[in-house]
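Here is the structure we will look at.
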Amino acid sequence: MLRIHFTAEDIARTRLATAPRAGHHDDLIRASVEADVAARVGALLAGGVEALLRGFEPLMRWRAPVLEVRHPVERDLHLQGRGLRLVPSFCCGATPLPLAEQDLTPVLVYPIAPEHRRDAITDPGDSLADLMGGTRAAVLAALRDSASTTQLATRLHTSLAAMSRHTKTLRQAGLITSTRRGPAVLHGLTPLGRRLLDGPLCVTAQRSSPSQGADRLLRLCDSHDQ
């Protein structure tokens, strides 16, 4: 058993690698990793970093402030403010692989969940709305073309204040960018946001009424649906 000890600073500095590791060139492998990342992002958006960590059960167990990891060797790893980088892998076997060096951010390579392996998926049409909520999925769909906060609020029949909260959450999760243009703020999709829309988890306009991996790291944040 490996016990990874977190501080509040470690929670804030935790990162999820959203790009397949070197060597993951096969389309099925890449799609599998992206499906796993999309599910992890959904947990993050729903409940923050701690919800993300809880979502790894039974592979790992989050018992705040300790992450218990199945491992053949009994040991404790104290992050000491360095944070943790979580890296999904198609090929690392059934046991997470910790990589840690002094003064560097520790890395935990974890096997993707069996249900996300592309060769095991029979119905890849799960909706983004099921992962992140209908309104936020609709915001992503509406941003295939850039739009301002006011334009988004008008299209999706919601208030400016609510739309500002949704765009802030999506921006902090690495799914959209926001640029001020005079009095307006213009939003657009990041590579990760576009791949979430275009991948096997895409949501159609009909299913996104208001009511997967990019080549970068996703900065995790403690964001909740409001």
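Amide H contacts of ILE176 (H built 1.01 Å from N, in plane; Pro and chain starts excluded): ARG171, THR190 sit under 5 Å, all sequence-distant by 5 or more or on other chains.
The distance between label points at ALA8 and ASP76 comes to 2.2 nm (points 7 Å beyond Cα on the Cα→Cβ vector). For region 12-17, putting each phi into the Karplus relation 6.51 cos²θ - 1.76 cosθ + 1.60 with θ = phi - 60° gives couplings of 5, 9, 5, 10, 10, 6 Hz, in residue order, rounded to whole numbers and with x for Gly and Pro. Calculated FRET efficiency, SER178 to THR154, Cβ-Cβ distance, R0 = 22 Å: about 0.80 to the nearest 0.05. For THR14, the amide hydrogen comes within under 5 Å of the amide hydrogens of LEU84, counting only partners 5 or more places away or on other chains and with H modelled in the peptide plane. Taking other C-beta atoms within 10 Å as the exposure proxy, HIS187, HIS5, HIS157 rank HIS157, HIS5, HIS187 from fewest upward.
A simple spin-label model places the labels of ASP145 and VAL185 2.3 nm from each other, with each point 7 Å out along Cα-to-Cβ.
Each value in this text was obtained by applying a stated rule to the coordinates, not by laboratory testing. Keep in mind that this is a model prediction, so the values were computed, not measured. Neighbour counts are summed over all protein chains in view; Cβ atoms, including those assigned to glycine, are modelled from backbone coordinates with ideal geometry.
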